[in-house]
Amino acid sequence: MRIILDSKQHPPTPGALIRLLRLDVTLLMALALVAALGLVVLYSAAGAELEMVERQAIRLATGFGVMLVLAQVPSTSLKAWTPWLYLSGMMLLLGVMLAGDVSKGAQRWLDIGLVRFQPAEVMKLVVPMMVAWYLEGRQLPPRHWQVWMALIVVAAPAVLIAQQPDLGTALLVSSAGLFVIFLAGVSWRLLSAIGLLGFLCAPVLWQFMHEYQRQRVMTLLNPESDPLGAGYHIIQSKIAIGSGGLYGKGWLNGTQSQLDFLPERSTDFIFAVYGEEFGFLGVILLLAIYALIVWRGLTIAARARDAYSRLLAGSLSLSFFIYFFVNIGMVSGLLPVVGVPLPLISYGGTSIVTLMAAFGMLMSMHSQERSQAR
Amino acid sequence: MQYPPLRSRNAAPRDRMPVQDTIKNPYQERKLFAVRAVVAAFATFLLLALLAGRMAFLQIVNHDLFKTLSQENRVKLVAVPPPRGLIYDRNGTVLAENQPSYRLEITPSQVPDLEGTLARLARIVDIDESDRRRFYSELQRKEPFQSIPLLFNLSEDEVADFAVNRHGFPGVDIAAQLSRHYPTRGLAAHVVGYIGRINEHELSELDSKDYNGTSHIGKLGIEKYYESILHGKAGFQHVEINAQGRPLRILDQQLPVPGADLMLSLDEGLQRVAVQALGESNGAVVAIEPANGEVLALVSQPAYDPNLFVDGISYTDYSALRDDADRPLFNRALTGLYPPGSTIKPFMALAGLEYGVTQANRTMWAGPYFQLPGDSRRYRDWKPEGHGTVNLALAIMRSADVYFYDLAYRLGIQRMHDFLVRFGLGAVTGLDSSGEARGLVPSPEWKRAARGQVWFPGETISAGIGQGYMLATPLQLAAAVATLAMRGQRVQPRLLKAVRDSHSGEFKPVDHKFLGTVQLRDPIFWEQVIGPMVEVTRNPRGTAYHIGIDAPYSIAGKTGTAQVFGLAQDEKYDEEKIVKELRDHALFIAFAPADAPRIAVAVIVENGGGGGRVAAPVARQVMDYYLLNREPTLVMEAAKHADHP
């Protein structure tokens, strides 16, 4: 990989960002570090069995492959394809609604011959792409009505996904789109208006929620009220993390996880295993690597050569932050139990591939920045 | 997801960019973005600090508390499977119930040597290869502290034998549980279906939360269709365990929500009468209440004992059922496709009236055969000498083929198709059960698409008497005759009558689904066809005269005889049975009372011969039981004298 030297031609950006110029390699290294750390924790969470670790390694390898491929696609092509991707994504979502496979009581999967996949997962990338595409063609900051149009672009797929019902993904997709709007420079007044609107929508959302989703929110407010159901998860994972202490109990030595008190310990609650075995220092290390990835993403965004790349890269980086923040917040009892995996560490899921696809796009924008710099 | 081709690198955006950049202010935009990015970075930093603070709170400030908690953690969550809902017939007779049974379970984490334990267990109880295989496949999926069933339905002796030796088997236990039982055995097997152990594929589709602790799932029929209602929701127990992981006491629990009981519209007595009336013959009987679509009887003969399937059918039992030439596993009522034969004639007559190609008072000479103009091929009547001059009423009553050949010729295949599909033929009825066959109402369009051939005029003629390509299931025929009985009002056939409400304990009826009405130009047409159908069973010259002879209510019916070309189903060619299997299928459709219908019936007796002689008496016994509450008498004398068809 080639290393960027510097570019005085660049328009001024905050000095701190400039100092992190060489971070293309750093991004890759950080991702690989998290993935490796994830496999180590997974080995422990799986009860020292290699089988899950091997399968996860294959998934990660696929993800890195997808990233490499996407890194070769210039952002101008991505931009040209954006509206079509968005349209096909919407069609697929409608397809899921009409002909989807009911799995675990929710219609999320679309079966097209050989592959079964979740269109909602793809929308995590396509929605911010579409909002960026829409706003990019206009003068920024966008006018009022343009913001409302952009909100519709976000809301349409979000409503379809929420109907599936998959509220967690719907919120993640919306937040990715909203980040673009925020980064495009919408006035603070309009932002607070949107925030107020969202606040007013909350009771409506509550109506739309399924019983089990409402229960999760209620459990968060008072976990002791449901010690057998969702509360059990939170109580056990708090015990796991808290008993880890400063240095942790050591790899493969977490009693909470090894003695099976911790549910979902290889998937959504894997962070509790990590916290128990590697302690506060380990947690700080992981948070630091995650923060580094977000930081690097924002740097690439700030230096990108056009508004589309800038908005998209910024939104993808902030979305990545949201993923791990929501997961860790949930496992440590700050947020309700929503099914969001810990990025690159939780076992399974199509989420690894989408995530790595996003990083592929970031890499591509980074190389664009370089070519422009010459 | 698709990725854009590399080619577009040089495409449109490049020529657009500079233009836009002159309008936009890239410098301004970049600055704006930078401000926003800094704000976002600051916000993420704050949130990260929040996370780190939370971790410090848990891992440093409260470390001692959580450390103690983790050392004293002796509480586990155990799933409690819900009892499955029962299934009743419309009078409260139990069709599916839960009986206590014993099974042998192993908790792998408590077993020091699994292989050795299994080997020693095999000396006490029978463990065959399939049990072993299932156990190991489940072992891979479950957590080691969860118990896994090894054997089901232990006998009392086996339970006693194990209890004596129990001390030598840590981690092995006898568990009492409820197991599904079908007291009426084969009687309603094709309706109720059965449950069986959850297989690999089903497991991947299920919500592991609700099915935690559940080992069985509906596989067929009502048990499958209403699985979500019958199953209920798993409960949990907070159990204190000792150092070996054995439960000491229940601290707290959330009771499971039992599955809801179902009441079917089926009448167990009626079902029994229909089975008896069919006797040794293979065939099907479907009875429907025309006004609301409730299925009163749905018989497919022969049947099988669903109890065999509950805990895994043995290979010998299964191959016996599978290889039986009479195919007991085949649901004839729902999936058996038969040519409707002459039972299509009342609908043909309605089509003729509706399109104005015939009138009630139009007469024609019905000789021994019909010929298309300019074609030498003769389409013969079932009666070698023909019926002489007939009008519509006589043609229905005597089942005069030539009249309907001529009618089909006048209508043409497209209009026949369009009219018959309005009665639901050629489409699934939407019964609440799985695997229903569609049947077929042929059209030139269908033949082009399915066979790549053009429609021949001669095929229209044979379709006029329900032969040729036309195929229907007994259920479709019953639904169509119910529509006829209601003078066009269509209801979706339904097996579920009511669901027990978990709060009040009362059965709450489910809504009927009305499908609209078959509108005719003149409602008098209905009576012009139904009148002659009553004559079929009442007039001495009717083709089913014997069944209406002493009936205290009026029956509107139509006989049918379907020729067996090759075989309707893909059965194996069986040398010994060839004579019987080439015999015609006997059909009969009817409803009663004719002016205020309460029951509509379709009967098919495979290889039975003429419909009037064989199938009509079955329908009469079913109607007698339902309308007069009368057990069937001996086979009626008159049946012997009846002629075709």
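Please indicate, with yes or no, whether at least one residue in the range B:407-429 is out of contact with any helix residue (DSSP H, G or I) (no Cβ under 7 Å at 6 or more places or on another chain) and closer than 16 Å to B:G367 by Cα.
no
Quick check on the range A:265-285. Is at least one of its residues within 30 Å of A:P74 (Cβ to Cβ), in contact (Cβ under 8 Å) with a residue 12 or more places away in the chain and surrounded by fewer than 24 Cβ atoms within 10 Å (Cβ to Cβ)?
No, the range A:265-285 contains no residue that is within 30 Å of A:P74 (Cβ to Cβ), in contact (Cβ under 8 Å) with a residue 12 or more places away in the chain and surrounded by fewer than 24 Cβ atoms within 10 Å (Cβ to Cβ).
Residues in the range B:11-23: is at least one surrounded by 14 or more Cβ atoms within 10 Å (Cβ to Cβ), at the interface with chain A (Cβ under 8 Å from one of its Cβ atoms) and at pLDDT 55 or above?
No; the residues of the range B:11-23 include none that is surrounded by 14 or more Cβ atoms within 10 Å (Cβ to Cβ), at the interface with chain A (Cβ under 8 Å from one of its Cβ atoms) and at pLDDT 55 or above.
What helices (runs of 4 or more DSSP H) lie completely within the range B:289-396 and have 1 or more residues being of a type in the set (F, W, Y) and either in contact with a helix residue (DSSP H, G or I) (Cβ under 7 Å, 6 or more places away or on another chain) or open to solvent by 10 Å² or more (accessible area, probe 1.4 Å) (or both)?
B:307-310, B:315-323, B:345-354
Considering the range A:38-80 alone, what residues qualify as being open to solvent by 40 Å² or more (accessible area, probe 1.4 Å), more than 14 Å from chain B (Cβ to nearest Cβ) and within 18 Å of the chain's Cα centre (by Cα)?
A:R59, A:F64
Could you tell me whether the range A:328-342 includes any residue that is of a type in the set (V, I, T), assigned to a helix (DSSP H, G or I) and in contact (Cβ under 8 Å) with a residue 12 or more places away in the chain?
yes
Taking the range B:595-616, which residues are closer than 25 Å to B:R487 by Cα and open to solvent by less than 10 Å² (accessible area, probe 1.4 Å)?
Passing the criteria: B:I599, B:A600, B:V601, B:A602, B:V603, B:I604, B:G611, B:G612, B:A615, B:A616.
Here are the criteria: (1) of a type in the set (D, E); (2) in contact (Cβ under 8 Å) with a residue 60 or more places away in the chain; (3) facing chain A (nearest Cβ under 8 Å). Tell me which single one B:E29 does not satisfy.
(2)
Going by the conditions given, is B:L69 facing another protein chain (nearest Cβ under 8 Å), assigned to a helix (DSSP H, G or I) and open to solvent by 80 Å² or more (accessible area, probe 1.4 Å)?
no
I'd like the full set of residues that are part of a loop (DSSP other than H, G, I, E, B), closer than 16 Å to A:G333 by Cβ and in contact with a Phe, Trp or Tyr (Cβ under 9 Å, 6 or more places away or on another chain), limited to the range A:262-290.
A:L262, A:P263 - these are the residues of the range A:262-290 that are part of a loop (DSSP other than H, G, I, E, B), closer than 16 Å to A:G333 by Cβ and in contact with a Phe, Trp or Tyr (Cβ under 9 Å, 6 or more places away or on another chain).
Residue by residue, here is whether (1) within 33 Å of the chain's Cα centre (by Cα); (2) open to solvent by 40 Å² or more (accessible area, probe 1.4 Å); (3) not assigned by TED's automatic domain parsing to the domain that holds B:E158 holds:
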| position | (1), (2), (3) |
| --- | --- |
| B:R90 | yes, yes, no |
| B:T93 | yes, yes, no |
| B:A96 | yes, no, no |
| B:Y102 | yes, yes, no |
| B:P108 | no, no, no |
| B:D113 | no, yes, no |
| B:L118 | no, no, no |
| B:I124 | no, yes, no |
| B:F135 | yes, no, no |
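Take the range A:88-141 and flag every residue that is within 27 Å of A:S187 (Cβ to Cβ) and at pLDDT below 80.
The answer is A:G137, A:R138, A:Q139, A:L140, A:P141.
Select, from B:Y225, B:Y182, the only residue that is within 19 Å of B:S434 (Cβ to Cβ), touching a residue at least 12 places away in the same chain (Cβ under 8 Å) and open to solvent by less than 30 Å² (accessible area, probe 1.4 Å).
B:Y182
Residues that are within 14 Å of chain A (Cβ to nearest Cβ): find the strands (runs of 3 or more DSSP E) completely inside the range B:97-211 holding 3 or more of those.
Where strands (runs of 3 or more DSSP E) fall fully within the range B:97-211, none carries at least 3 residues being within 14 Å of chain A (Cβ to nearest Cβ).
Please go through the range A:286-343 and pick out each residue that is at pLDDT 95 or above, open to solvent by 10 Å² or more (accessible area, probe 1.4 Å) and among the hydroxyl-bearing types (S, T, Y).
Once the filter is applied, which keeps residues that are at pLDDT 95 or above, open to solvent by 10 Å² or more (accessible area, probe 1.4 Å) and among the hydroxyl-bearing types (S, T, Y), the range A:286-343 yields nothing.
Can you run down the residue pairs with Cβ atoms below 6 Å, 6 or more apart or on separate chains, where the first is in the range B:291-313 and acidic (D, E) and the partner is open to solvent by 10 Å² or more (accessible area, probe 1.4 Å)?
B:D305/B:R185; B:D305/B:G186; B:D311/B:F152; B:D311/B:N153
Look at A:M90 and say whether it is more than 13 Å from chain B (Cβ to nearest Cβ) and open to solvent by 30 Å² or more (accessible area, probe 1.4 Å).
For A:M90, the condition - more than 13 Å from chain B (Cβ to nearest Cβ) and open to solvent by 30 Å² or more (accessible area, probe 1.4 Å) - is met.
Could you list, in sequence order, the residues of the range B:413-428 that are open to solvent by 20 Å² or more (accessible area, probe 1.4 Å) and out of contact with any strand residue (DSSP E or B) (no Cβ under 9 Å at 6 or more places or on another chain)?
B:Q414, B:R415, B:H417, B:D418, B:V421, B:A427, B:V428
The values are calculated or read from the model by the stated rules, or taken from the named source; none is laboratory data. Keep in mind that what you see is a predicted model, and the values were worked out from it rather than measured. As a convention, Cβ positions derive from the backbone with ideal geometry for all residues, glycine included, and neighbour counts pool all protein chains shown. Surface areas here come from the heavy atoms of the whole protein model, side chains and all, with no ligands, DNA or RNA. Shrake-Rupley method; radii C 1.70, N 1.55, O 1.52, S 1.80 Å.
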